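The values are calculated or read from the model by the stated rules, or taken from the named source; none is laboratory data. Everything numeric here is computed off the predicted structure, so don't read it as measured data. Reconstructed Cβ throughout: ideal geometry from the backbone, glycine too, with neighbour counts over all protein chains shown. The accessibility values were calculated without ligands, DNA or RNA, using every heavy atom of the protein model including side chains. Shrake-Rupley method; radii C 1.70, N 1.55, O 1.52, S 1.80 Å.
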Amino acid sequence: MRATVLRTQTSAAARRPGRLILTGLAILVASFVVFGTVLVQQITERTVRDNLSGTAAATDLVIGDPEQPPPTVTELTHVRAVPGVAEAVGRMTIGVSLGEGYLNLQADPGTGPLATVRLIEGRYPDRPGEIAITPRTAERLGLSVGTSTDGMAGELTTPARLTVTGMVEPTADAGFDAYAPDSVVISWARLTGVEHVDVRVAPGEPADDVRQRVAAVAAGRPIRSGAEVRQAEANAAAEQVGGLFILVGLFVSIAVVAAALVVTSTFRIVFAQRMRQLALLRAVGAGRGTLVGALTAEGALTGLVASVIGVVGALALGYALPAILRSTDHAVSSPGLPLAAAVAVVIGAVVITVLAVLAPALSAARVSPLEALRTASTTPGRRGIGGLRLVFGLLLAVGAVLAAAATISRLPEPEQTSYDPTGPLLLLIGSGALAYVALVALGPLLVRPVLAVVGWPLRQLGPLGRMSVGGIGGAPRRAAAVSVVVALGVTLISGVAIGGTSLQVLVDREMALSAPTDFEVTSNGGTLPAAVVSRAEAARGALARVVPYRRIDDVTLLRGGDKLGDAESEYPTNDLDLTALPSTGDLDVAQGKLADRGPGRIVLNSWVARDTGLRAGDTVTLAVAARRVDVRVAAVLPGDGPLHAGILTDRTDLDRLGVPTAYTGLLADAAGSGEDGRTAGVRALRQAIGGSDGVGLAVLADERDRNDALVRTLVWIAVGLVSLTVLIAVVGVGSTTALSVVERVRESGLLRAIGLSRTGLRTMLTVESGLYGVIGATIGLLLGVPYAWLAVQALGINAPLTVPVLPLVGLFVTLVVLTALAGVLPARRASRVSPVVALGADG
């Protein structure tokens with residue numbers, strides 16, 4: 001009997017491949033995602049190894065190691081004289097301080113197989129004091145072919161002349177790069193050593209023989225092959241990729257859990273549709289264990305077929321996509337053929353499917369043989385949950401609340417200086433896991449109250465709306481099974497959105513302190529010539545605003561003649577006009593108000609406030625040498641002050657302290673947007689600086705752009721990863737709706753028979769699908785917002801909770817639309833069935 005039942009169930013499943021795929025659609029998508037992740041990791045690592053090495057491909061030997069003393073210039077000369085050495089290039093990078101900026105001067109031959117740059121204008125340097133620069137460096141530093149400047153580097157004790165002879169194109173242009181042959185760099189900077197030596201062996205010469213000759217003159221320096229160095233460089237970059245994919249694997253695991261939940265719900269519907277058949281098997285002698293085994297085997301077959309299709313699909317796309325990208329001149333490597341990973345994915349999918357099908361199989365196997373006497377092949381689903389499940393769910397919910405309370409109790413205090421976020425974050429993760437499992441257990445009880453609220457507008461639209469809401473409320477277990485998966489995805493995405501927005505606000509505040517404008521002109525400890533300030537203020541076409549300031553570093557704080565803080569504390573102070581800066585609105589305060597700053601009223605950063613014990617509203621005396629000024633603390637900042645100031649004071653207070661009226665620096669913003677506007681601003685400030693000695697220009701906007709790009713990249717990566725769960729949820733909604741259409745075919749026929757049009761039936765079923773998204777998104781937001789707040793606080797990064805209302809509303813609407821669209825095709829199929837055929841159907 002056991003073999004007969006097993007053969008009956010598996011052959012019936014095999015005869016209906018469409019139903020088989022629909023039942024395992026979530027597993028198919030999960031298998032595609034998991035194996036696709038394996039292939040993407042291989043593609044990324046291989047691309048990194050093939051393209052991101054800093055050593056030229058023609059390099060055969062590399063002399064030197066970063067962990068040991070570098071080769072000397074004398075040794076470089078000896079290596080060049082070794083028979084069989086076609087070329088030996090000394091590699092080094094030195095920082096060059098210019099009066100108006102900074103240069104990274106790198107040694108490169110400029111031509112030949114070992115060159116890493118390509119000349120695009122002028123000629124490549126060949127004499128000491130000559131350099132070639134990149135296009136962005138030319139724009140930022142105001143240099144061009146033929147211009148000269150003075151720089152300090154290496155063993156130089158006085159500035160030496162540098163002349164730009166050419167423009168080169170490197171692999172990456174940071175905006176402060178210059179190149180010259182090693183002999184030119186060594187001679188100009190008076191260097192005695194190089195970082196390492198790249199050697200190219202002459203054609204036809206045995207590399208091992210040349211290596212032995214080189215070792216004889218290299219004084220015991222470590223020698224590695226070029227292939228070894230390139231592999232080491234690529235591996236170092238690939239390690240970072242591996243670390244990223246550990247995080248990716250975490251989110252993929254969450255998506256797999258979501259797929260298992262969807263499969264459980266799907267099989268519960270499928271088995272409910274075959275209750276009379278299962279009862280007949282019981283009536284003819286099949287035991288419960290036999291049915292459980294047969295239904296589990298059906299689940300295993302479903303998991304096998306779905307996972308194989310998913311793996312094959314991922315493999316096809318994994319090979320096709322790199323080929324397409326290479327045809328568009330993108331250097332993307334193809335993956336390997338990870339058969340072990342493919343087999344592991346298939347086996348894992350089968351195991352997960354079997355585990356997911358066990359609960360529905362056990363429930364279906366309890367069918368009574370008397371159910372065979374029913375006229376319908378389906379049986380209505382249970383609406384409630386058992387007592388044991390209720391108690392289990394409540395215990396989990398209590399555990400989640402207690403873990404969240406423990407997290408809150410361990411959050412850092414506002415003035416706490418040392419804080420380890422590991423404990424609170426682990427508690428928070430535990431609380432979230434318990435809360436989600438509790439949601440799975442108690443979901444059927446939560447569907448009705450949530451539906452009563454979110455479904456109210458639909459019920460007001462008439463009978464169609466009421467029937468849609470009733471269709472969901474009539475099967476709360478099914479609705480809960482799908483909605484909790486949607487809720488998981490929404491919780492994760494809303495958490496990422498809130499965390500990302502809060503982090504962006506924090507970054508904006510930090511940038512408002514360290515990079516409040518696009519540019520800063522400084523005097524390197526002296527004062528700016530008045531002409532520099534006046535010329536900058538006159539350049540209104542290129543500069544939107546110019547804000548000069550004074551800075552001194554020897555201000556002390558007194559009270560009653562006693563010095564506050566450490567006995568040797570002197571605090572950096574400036575009179576920067578915050579009202580003239582657009583970024584002032586990004587600043588936050590720990591105490592008081594920034595707007596209260598003015599004559600006789602100062603602002604302190606958090607370190608100065610802690611060191612002196614001062615708070616907003618306290619009175620104190622500013623002292624410089626013998627001068628004294630009584631002031632009041634208007635506000636205390638939560639961190640550093642603008643431009644790393646300890647004290648922000650009014651201009652008149654610095655005058656009363658006898659500080660010279662000459663400015664020490666100025667801030668400016670570009671009038672135009674984008675790289676062109678920034679370049680115009682740099683040129684205007686270069687002209688304003690002219691030949692002023694000791695005056696430098698820093699482009700603060702570059703740092704701000706890098707930070708903004710980093711935050712955006714992290715947020716979009718995280719959103720993309722957690723969207724995998726949403727994808728699984730949408731697939732679950734589609735398969736659930738499709739299967740429920742089969743289950744409710746007679747109901748659909750009856751509605752059509754009493755006058756409901758095809759359009760009305762399609763609309764009703766589509767709205768029901770959308771309600772899965774409404775319920776899940778509502779629960780997800782209710783969980784996501786508080787957990788996101790806890791996560792931001794637990795990290796201890798002092799970021800404010802910022803709820804991006806419009807993105808969250810967009811997320812809600814998008815989820816509802818996606819889940820509604822997932823039900824469109826099943827709804828169209830149901831509407832095409834004739835009422836006569838539907839009423840005559842079995843079930």
Report summary line: With the charge dipole of the chain built from beta-carbon charges (+1 for Lys and Arg, -1 for Asp and Glu) about the Cα centre, the Cα from Ser253, Ala625, Ala26 projecting farthest to the positive end belongs to Ala26
Report task. Specify the angular offset, from 0 to 90 degrees and rounded to the nearest 10, of the alpha carbon long axis of helix 339-365 from the longest principal axis of the alpha carbons in the chain. Result -> 40
Query raised in the report: Which log10 I(q)/I(0) values, to two decimals, does region 134-225 give at q = 0.14, 0.24 Å⁻¹ under the Debye formula with one point per Cα?
Result: -0.73, -1.23
Report summary line: Loop-resident GluC sites (Glu not before Pro) in region 59-101 with no more than 15 other Cβ atoms inside 10 Å, DSSP not H/G/I/E/B, are Glu67
Report summary line: Mean projected area (nm²) from the convex hull of Cα positions in the chain is 46.9
Query - 0 to 90° range, to nearest 10: angle between helix 422-454 axis and the chain longest Cα axis - result: 40
Report task. Compute, for Leu337, the solvent-accessible surface of its heavy atoms (probe 1.4 Å) with the complete set of protein chains present, and express it in square angstrom to the nearest 10. Result -> 100
Requested in this report: Name the residue farthest towards the positive end of the dipole of the chain from the options Val484, Gln41, Leu458, assuming +1 on Cβ of Lys and Arg, -1 on Cβ of Asp and Glu, about the Cα centre.
Outcome: Leu458
Query raised in the report: Taking a spot 7 Å from the Cα of Leu355 along the direction of its beta carbon, which residues of region 25-49 have an amide N less than 19 Å from it?
Result: 25-35
Query raised in the report: Which order, highest average first, do 475-485, 518-528, 116-126 follow once you tally other Cβ atoms within 10 Å for each residue and take the mean per peptide?
Result: 475-485, 518-528, 116-126
**Report entry** Cα-projected label distance for Val343 with Asp420, points at 7 Å along beta-carbon direction, nm
**Finding:** 4.3
**Report entry** Sites Ala215 and Asn104 - FRET efficiency at Förster radius 35 Å, r taken between beta-carbons, to 0.05
**Finding:** 0.65
Report summary line: If the chain between Thr171 and Ala331 were fully extended at 0.36 nm per residue, the gain over the current Cα-Cα distance would be 56.3 nm
Query - Electrostatic dipole magnitude of the chain [Cβ: Lys, Arg +1; Asp, Glu -1; Cα centre; debye, to 20] - result: 6200
Report task. Measure out, as a whole number of angstrom, how far apart the alpha-carbon centroids of region 664-705 and region 56-90 sit. Result -> 40
Requested in this report: Counting only heavy atoms of the protein chains, get the accessible area per residue of the chain (1.4 Å probe) and round it to a whole Å² value.
Outcome: 44
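Sort 544-551, 395-402 by the packing proxy (mean of other Cβ within 10 Å over each peptide's residues), most packed first.
Top to bottom by mean Cβ count within 10 Å: 544-551, 395-402.
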Requested in this report: May I ask for the angle, rounded to the nearest 10°, between helix 758-795 and the longest principal axis of the chain, with both axes built from Cα atoms and the value confined to 0 to 90°?
Outcome: 40
Query raised in the report: Glu675: accessible area at probe 1.4 Å, nearest 10 Å²?
Result: 70
Query raised in the report: Rounded to the nearest 0.05, what FRET efficiency do Glu233 and Asp655 have when you use their Cβ-Cβ distance and R0 = 56 Å?
Result: 0.50
Requested in this report: Could you order Arg230, Arg829 so the one with the most accessible surface comes first? Probe is 1.4 Å.
Outcome: Arg829, Arg230
Query - Helix-only CD estimate at 222 nm, as mean residue ellipticity for the chain, using -39500 (n - 2.57) per DSSP H run (n ≥ 4) - result: -19000 deg cm²/dmol
Requested in this report: Roll a 1.4 angstrom probe over the protein heavy atoms and tell me the percent of accessible area of the chain that is carbon or sulfur.
Outcome: 61
